[in-house]
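Since the structure comes first, as structure tokens, the remarks are kept for the end.
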Amino acid sequence: MLPWKRLLGPAAAVLLAAAVGPAPTATAVPTTIASASSAPAAAGVSTAPAPRSGWNDWSCKPSAAHPRPVVLVHGTLGNAIDNWLGLAPYLVARGYCVYSLDYGQLPGVPFFHGLGPVDASAGQLGAFVDRVLAATGASETDLVGHSQGGMMPRYYLRYLGGAAKVNALIGIAPSNHGTTLSGLIRLLPYFPGARELISSATPALADQIEGSAFLRRLNEGGDTVPGVRYTVIATRYDQVVTPYRSQFLTGPDVRNVVVQDLCALDASEHLAIGLFDRIAHHEVANALDPAKATTTNCASVFD
């Protein structure tokens, strides 16, 4: 193989890793430290210390108004803190018990998580949900995930018994049917060794490529499972999970939302919609409590 071809495989893997999922901000903190709680962490589950904004508070008890705790599931290359610096305080201020976890850690890679095999990450989510339910005394939880974090829980629901423990799954720009990365994925055959490198070095990236074996198994027999409400919140300007309509789900108890249909001025792309888009946040609040939902529009940024 020519020397320049030897470089193309790693270059393609780096490009894909940079594009899929939110990059942590400079505020990252070590999230492999167990939270300060009297309840021991489940084996293999990493939890973040309780930040000042009040989430991951293991003494929180759900109220009658909000009887289910909310579990936030970060995206590829994200972590339990950085991905939720906008949404977690927003929900805490509305009276929810809110928790977030790290998953998909690779050995020797701090802060940047969600890189391990997606099916194994779903097992970590299941262990974390069990811990949240034990600590709060609730019988069900609601899940909110960004990017991979909006898709991965569907494996937990379908194959790991999660449907009995989850009332609703809300995906923000979720990779439900994979991504073409605006067509870049279709160039992989022209980069010898690139797909193999991605699969071995960062399995979650390979799992999220359109048409992957993982996604074929996840979506066989339909997108949903009975007993769970699904909401997908997407942006037309998504440049990571493409085409953006591949994020949508089909089935009973599904609502697919495009933020630009609610506020034409919303210019959020893949990262912004998960990190700080108040239009998306308002729709999350509506999906968590549909009986008390209010109209989402451009003025919702002030809510």
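The values are calculated or read from the model by the stated rules, or taken from the named source; none is laboratory data. The structure presented is a predicted model; accordingly, all values stated were derived computationally and were not measured. Neighbour counts are summed over all protein chains in view; Cβ atoms, including those assigned to glycine, are modelled from backbone coordinates with ideal geometry. Quick note on the areas: whole protein, heavy atoms, side chains included, nothing else; ligands and nucleic acids left out. Shrake-Rupley method; radii C 1.70, N 1.55, O 1.52, S 1.80 Å.
Within the stretch 252-288, the set of residues being open to solvent by 40 Å² or more (accessible area, probe 1.4 Å), within 18 Å of GLY145 (Cβ to Cβ) and in a loop (DSSP other than H, G, I, E, B) comprises ASP253, GLU269, PHE276.
For the stretch 135-167, enumerate the residues that are over 16 Å from the mean Cα position of the chain (by Cα) and part of a loop (DSSP other than H, G, I, E, B). Full working, then the answer.
Our first condition is that a residue be over 16 Å from the mean Cα position of the chain (by Cα); within the stretch 135-167, this holds for 135-140, 158-161, 163-165, 167.
Answer for the stretch 135-167, where residues must be over 16 Å from the mean Cα position of the chain (by Cα) and part of a loop (DSSP other than H, G, I, E, B): GLY137, ALA138, SER139, GLU140, LEU160, GLY161, LYS165.
Restricting the stretch 70-96 to residues that are out of contact with any strand residue (DSSP E or B) (no Cβ under 9 Å at 6 or more places or on another chain) and free of Cβ contacts under 8 Å to residues at least 40 places away in the same chain leaves a set whose member that is least open to solvent (accessible area, probe 1.4 Å) is GLY95. Whenever a residue of the stretch 119-131 is at positive phi, it has no partner that is open to solvent by 40 Å² or more (accessible area, probe 1.4 Å) and of a type in the set (Val, Ile, Thr) lying with C-beta atoms less than 6 angstrom away and at least six residues away or across chains. In the stretch 161-176, the residues that are without any contact (Cβ under 8 Å) to a residue 60 or more places away in the chain and small (Gly, Ala, Ser) form Cβ pairs under 9 Å with partners that are outside any helix (DSSP H, G or I) and surrounded by fewer than 24 Cβ atoms within 10 Å (Cβ to Cβ), at six or more places apart or across chains, as follows: GLY162/VAL225. Of note, GLY116 does not satisfy the criterion of being of a type outside the set (A, V, I, L, M, F, W, C), at pLDDT 95 or above and within 26 Å of ASP57 (Cβ to Cβ).
For ALA134, the criteria (1) touching a residue at least 60 places away in the same chain (Cβ under 8 Å); (2) crowded, with 21+ Cβ neighbours inside 10 Å hold in every case but one, which is (2).
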